[in-house]
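Below you'll find the structure, written out as structure tokens, and then a few comments.
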Amino acid sequence: MTVSLREVRDGDLEALFELESDVAGSDMIAFLPREPGDRAAFDAHWARIRSDPESLIWIIEDDGRFAGYALSFLMEGERQIGYWIVQQLWGRGIATAAVDRMLELIPERPLWASTVD
């Protein structure tokens, strides 16, 4: 397993939409600002976060294949981190490796994250 992070490209949006349309996966994140499968809301959200200079967003690849995304953003002045992994890849250490890479790329401390109750 070789996990890497790379910049988000326009060609990634279909895979990201499919990922965020997974209801089981959407139940596992701390918040999703729309209903899974709402393409117009997805497009508006991703256009906004990709244009926000405070947002850091990467595609997670496992051995060169799309595995999800990792991001960091400011919320109430605190630098948050998060990720979303393709459900079929859960339990393989991809999220842990992606967070390790994020810690190398983000110099700010402290970093914050939320979990689902």
Inset, instruction - Only residues that are over 14 Å from the mean Cα position of the chain (by Cα) and more than 20 Å from Ser55 (Cα to Cα): list them for region 91-117, please. - result: Gly91, Arg92, Gly93, Val116, Asp117
Inset, instruction - Return only the number of the condition from (1) surrounded by fewer than 17 Cβ atoms within 10 Å (Cβ to Cβ); (2) at pLDDT below 95; (3) of a type outside the set (Gly, Ala, Ser) that Phe42 does not satisfy. - result: (1)
Inset, instruction - Name the one entry in Gly77, Gly93, Gly68 that is at positive phi and in contact (Cβ under 8 Å) with a residue 60 or more places away in the chain. - result: Gly93
Inset, instruction - For Ala67, indicate whether it is surrounded by 15 or more Cβ atoms within 10 Å (Cβ to Cβ), among the hydrophobic types (A, V, I, L, M, F, W, C) and at pLDDT 95 or above. - result: yes
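Conditions tested, residue by residue: (1) open to solvent by 10 Å² or more (accessible area, probe 1.4 Å); (2) in contact with a Cys (Cβ under 6 Å, 6 or more places away or on another chain); (3) in a strand (DSSP E or B); (4) modelled with pLDDT of 95 or more.
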{"position": "Ile57", "(1), (2), (3), (4)": "yes, no, yes, yes"}
{"position": "Ser72", "(1), (2), (3), (4)": "no, no, yes, yes"}
{"position": "Tyr83", "(1), (2), (3), (4)": "yes, no, yes, no"}
{"position": "Gln88", "(1), (2), (3), (4)": "yes, no, no, no"}
{"position": "Arg92", "(1), (2), (3), (4)": "yes, no, no, yes"}
{"position": "Asp100", "(1), (2), (3), (4)": "yes, no, no, yes"}
Inset, instruction - Identify all residues within region 9-39 that are among the basic types (Lys, Arg) and at pLDDT 95 or above; write none if there are none. - result: Arg9
Inset, instruction - Enumerate the pairs (first residue in region 47-61 and of a type in the set (Ser, Thr, Tyr); second residue anywhere and assigned to a strand (DSSP E or B)) with beta-carbon separation below 8 Å, excluding pairs fewer than 6 apart on the same chain, so at least 6 apart or on different chains. - result: Ser55/Leu71; Ser55/Ser72; Ser55/Phe73
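The values are calculated or read from the model by the stated rules, or taken from the named source; none is laboratory data. No experiment lies behind these values; they were computed from the predicted model shown. FYI the Cβ positions are ideal-geometry reconstructions off the backbone, even for glycines, and counts take in every protein chain you see. Protein only, heavy atoms only, side chains kept; ligands, DNA and RNA dropped before computing areas. Shrake-Rupley method; radii C 1.70, N 1.55, O 1.52, S 1.80 Å.
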